[in-house]
Amino acid sequence: MNLNYKKHLRNPAWFRKRKTVLKRDGNRCVICGNNKELTVHHRQYHRSSITGKPVNAWEYNLKYLITLCRDCHREGHKNFKIKFK
């Protein structure tokens, strides 16, 4: 993860969106049910149709965000390439 993306994820709008996703998913990984070291994963990445730049993490529709534990998140990125749409 590059430094700009880490800074991007410190935005208060992302913390609010992340909290919403965690609550919706019962504060558990949707794959294994773990409740430790949770992350919010983007099922796919989007670019603005106007600027072509990546959409801000907090602007995603909730259907594209899921709760994963750190291990399941890592495995997912290792096994599947996430598409830009």
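The values are calculated or read from the model by the stated rules, or taken from the named source; none is laboratory data. As the structure is a computational prediction, the values presented were derived from the model and not from experiment. For neighbour counting, all protein chains shown are included, and Cβ atoms are generated from backbone atoms with ideal geometry for every residue, glycine included.
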Pull out all pairs, ordered by first then second residue, where Cβ-Cβ is under 6 Å, the residues are six or more apart or on different chains, the first lies in region 2-28 and is farther than 15 Å from Val55 by Cβ, and the second is hydrophobic (A, V, I, L, M, F, W, C). Arg18/Val40; Val21/Val40; Val21/Leu65
Mind checking which pairs have a first residue in region 45-61 that is closer than 19 Å to His77 by Cα and a second that is among the aromatic types (Phe, Trp, Tyr) and at pLDDT 85 or above, Cβ under 7 Å, 6 or more apart or different chains? His46/Tyr60; Ala57/Trp14
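Please enumerate the residues belonging to region 10-55 that are of a type in the set (A, V, I, L, M) and in a helix (DSSP H, G or I).
Of everything in region 10-55, those that are of a type in the set (A, V, I, L, M) and in a helix (DSSP H, G or I) turn out to be Ala13, Val21, Leu22.
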Is it true that Lys7 is modelled with pLDDT under 90, among the basic types (Lys, Arg), part of a loop (DSSP other than H, G, I, E, B) and loosely packed, with under 10 Cβ neighbours inside 10 Å? no
In region 37-69, what count of residues is obtained for those that are among the hydrophobic types (A, V, I, L, M, F, W, C), surrounded by 14 or more Cβ atoms within 10 Å (Cβ to Cβ) and under 14 Å from Lys19 (Cα atoms)? 7
